[in-house]
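Reviewing the structure listed below.
The values are calculated or read from the model by the stated rules, or taken from the named source; none is laboratory data. For clarity, every value in this text was computed on a predicted model and none was experimentally measured. Cβ sites come from the backbone with ideal geometry, for glycine too, and all protein chains shown count toward neighbours.
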Amino acid sequence: MITIAVDAMGGDNAPRPEVEGSVLAARELGVRVLLVGQPSAIRAEMTKHTPANLPIEIVPASEVITMDDHPAQAFRRKKDSSVHVAARLVREAKAHGMVSAGNTGAVMTVARFLLGTLESVDRVALAAPFPNAKGGVSVLLDVGANVDSKPEHLVQFAVMGDIYYRATFAHGHKKPRVGLLSIGEEESKGNELTREVHNRLKKTHLYYMGNVEGGDLFSGEVDVIVCDGFVGNIALKICEGLAVQIFGLLKKSLKDSLITQFAAMLSQGAFRGLKKKIDYTEYGGAPLLGVRGVCVIGHGRSNANAVKNAIRVAAGLAKANINEKIEQGLYATSAGT
């Protein structure tokens, strides 16, 4: 049975959604969950559910890393935090992966130093899935694990994104189309970094489509979009904010008149379907690719559905032997095949 360690104290409303999401995952997905955190707080939430006979265990951790903690300081000073303990469970092979909706910088720092990186990986990358106009999913990486990146790092991101996409969304049956995020499709467009990465990606075994623009995050014309973490994080935050504003405007417009209220009643099903499609909780979280083990980082506002789906993603990556495939893919790229 796949075992996933869940940081029960990380999210904005912890441990309520972490416990509820873990119960749902254990019940619906058939995974074993280790809830890591302060036992009294976790047990208080567990009493609200009926987890009898479910494969859920509590693993004590005396400290909590908050959203206000500096990542490096929290890593050094809070060694018995729920994030540290979850990472050690993965490192000691007591869990196949970990999930946290806590301080993103702290989770990445703990994962990189306690789990370490794969031998062939120079820089880890955070990969974010987006729904697209074709009815599928596109993946953007890196969305914040690195502020500055070199050309060789972005090439590795492309390989890792390709493998993650195949393992999670294509089920091995589709060769992902890879694009490089730039300010235009022409080869001459972009800065020194993107032009060099473009030339290198053309020589890889990837199905490389060339430069793409910001709109291709949602067009569905490419499956994996590569950029440095600085640009990727800005793009991610813009998309999150835009989604919130769009739904706010839609709700306001639908209340303007009796006619639109009637139309709203008729379109409730479509409205719910759209909301579900772009709901971040359906995708669970963003995997930190390149670390030993599996680490999925969720949004701080993650609800029970988001936690359940983050556990689903982590379990799926573990079952797919994602790290072994990343090592093989990077070796093939370095060998020029």
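Would you tally the residues in region 280-319 being in a helix (DSSP H, G or I) and either surrounded by 21 or more Cβ atoms within 10 Å (Cβ to Cβ) or in contact (Cβ under 8 Å) with a residue 60 or more places away in the chain (or both)?
Residues of region 280-319 that are in a helix (DSSP H, G or I), as a first pass: 280-282, 304-319.
After this cut, where a residue has to be either surrounded by 21 or more Cβ atoms within 10 Å (Cβ to Cβ) or in contact (Cβ under 8 Å) with a residue 60 or more places away in the chain (or both) as well, the list is 280-281, 304-319.
Total satisfying the criteria: 18.
Considering R112, R166, R123, which residue is among the charged types (D, E, K, R) and either assigned to a loop (DSSP other than H, G, I, E, B) or touching a helix residue (DSSP H, G or I) at 6+ places or on another chain (Cβ under 7 Å) (or both)? Walk me through it before giving the result.
On the way: R112 fails: either assigned to a loop (DSSP other than H, G, I, E, B) or touching a helix residue (DSSP H, G or I) at 6+ places or on another chain (Cβ under 7 Å) (or both); R166 fails: either assigned to a loop (DSSP other than H, G, I, E, B) or touching a helix residue (DSSP H, G or I) at 6+ places or on another chain (Cβ under 7 Å) (or both).
Only one candidate qualifies: R123.
If you go through region 78-100 one residue at a time, do you hit one that is in contact with a Lys or Arg (Cβ under 6 Å, 6 or more places away or on another chain), assigned by TED's automatic domain parsing to the domain that holds H299 and under 17 Å from N303 (Cβ atoms)? First the steps, then the outcome.
First, the residues of region 78-100 that are in contact with a Lys or Arg (Cβ under 6 Å, 6 or more places away or on another chain): none.
No, there is no match, as no residue in region 78-100 is in contact with a Lys or Arg (Cβ under 6 Å, 6 or more places away or on another chain), assigned by TED's automatic domain parsing to the domain that holds H299 and under 17 Å from N303 (Cβ atoms).
What is the one condition in (1) of a type outside the set (D, E); (2) farther than 21 Å from A318 by Cβ; (3) modelled with pLDDT of 95 or more that G184 does not satisfy?
Evaluating G184 over (1) of a type outside the set (D, E); (2) farther than 21 Å from A318 by Cβ; (3) modelled with pLDDT of 95 or more leaves (3) as the failure.
Is it the case, given these coordinates, that I4 is among the aliphatic types (A, V, I, L, M), buried (at least 19 other Cβ atoms within 10 Å of the Cβ) and in a helix (DSSP H, G or I)? Steps first, please.
Details: among the aliphatic types (A, V, I, L, M): yes; buried (at least 19 other Cβ atoms within 10 Å of the Cβ): yes; in a helix (DSSP H, G or I): no.
When the stated conditions are applied, I4 does not pass them.
Looking at the structure I just gave you, is F113 surrounded by fewer than 18 Cβ atoms within 10 Å (Cβ to Cβ), touching a residue at least 24 places away in the same chain (Cβ under 8 Å) and of a type in the set (F, W, Y)?
Numbers: surrounded by fewer than 18 Cβ atoms within 10 Å (Cβ to Cβ): yes; touching a residue at least 24 places away in the same chain (Cβ under 8 Å): yes; of a type in the set (F, W, Y): yes.
So F113 fits the description; yes.
Name the single residue, out of those in region 126-166 being more than 21 Å from E324 (Cβ to Cβ) and touching a Ser or Thr at 6+ places or on another chain (Cβ under 6 Å), that is surrounded by the fewest Cβ atoms within 10 Å (Cβ to Cβ).
A133
Report, by residue number, each residue of region 55-89 that is of a type in the set (A, V, I, L, M, F, W, C), part of a helix (DSSP H, G or I) and at pLDDT below 95. Lay out the reasoning, then the answer.
Residues of region 55-89 of a type in the set (A, V, I, L, M, F, W, C): 56, 58-59, 61, 64-65, 67, 72, 74-75, 83, 85-87, 89.
Checking the rest, the ones that are also part of a helix (DSSP H, G or I) come to 72, 74-75, 83, 85-87, 89.
Listed by number, the residues that qualify are A72, A74, F75.
Of all residues being in contact (Cβ under 8 Å) with a residue 60 or more places away in the chain and not in a helix (DSSP H, G or I) in region 14-31, which is farthest from A314 (Cα to Cα)? Just the residue, please.
Step by step, filter region 14-31, then rank; the result is A14.
Test V31 against the stated conditions and say whether it is over 13 Å from H84 (Cα atoms), in the same structural domain as V85 (by TED's automatic domain parsing) and modelled with pLDDT of 95 or more.
So V31 passes the test.
So the check is Cβ under 6 Å with 6+ separation or different chains; which pairs have a first residue in region 32-55 that's closer than 15 Å to G21 by Cβ and a second one that's of a type in the set (D, E)?
Final answer for the pair search is L34/E57; V36/D7.
Looking at region 321-337 only, could you name the residues that are out of contact with any His (no Cβ under 9 Å at 6 or more places or on another chain) and either surrounded by 18 or more Cβ atoms within 10 Å (Cβ to Cβ) or acidic (D, E) (or both)? Don't jump to the end; show me each part of the working.
In the first step, residues of region 321-337 are kept if they are out of contact with any His (no Cβ under 9 Å at 6 or more places or on another chain); the result is 321-328, 330-331, 334-335.
Answer for region 321-337, where residues must be out of contact with any His (no Cβ under 9 Å at 6 or more places or on another chain) and either surrounded by 18 or more Cβ atoms within 10 Å (Cβ to Cβ) or acidic (D, E) (or both): I322, N323, E324, K325, I326, E327, L330.
Taking into account only those residues within region 34-54 that are part of a loop (DSSP other than H, G, I, E, B) and modelled with pLDDT under 95, which is surrounded by the fewest Cβ atoms within 10 Å (Cβ to Cβ)?
Let us first name the residues in region 34-54 that are part of a loop (DSSP other than H, G, I, E, B), namely 38, 47-54.
Okay, now just the ones that are also modelled with pLDDT under 95, so 47-54.
Numbers: T47: 9, K48: 11, H49: 15, T50: 10, P51: 17, A52: 6, N53: 8, L54: 17.
Among residues in region 34-54 that are part of a loop (DSSP other than H, G, I, E, B) and modelled with pLDDT under 95, the one surrounded by the fewest Cβ atoms within 10 Å (Cβ to Cβ) is A52.
Could you pull out the residue among A106, A95, A61 that is touching a residue at least 60 places away in the same chain (Cβ under 8 Å) and crowded, with 21+ Cβ neighbours inside 10 Å? I'd like the intermediate steps shown before the answer.
Working: A106 fails: touching a residue at least 60 places away in the same chain (Cβ under 8 Å); A61 fails: touching a residue at least 60 places away in the same chain (Cβ under 8 Å).
Testing whether each residue is touching a residue at least 60 places away in the same chain (Cβ under 8 Å) and crowded, with 21+ Cβ neighbours inside 10 Å leaves just A95.
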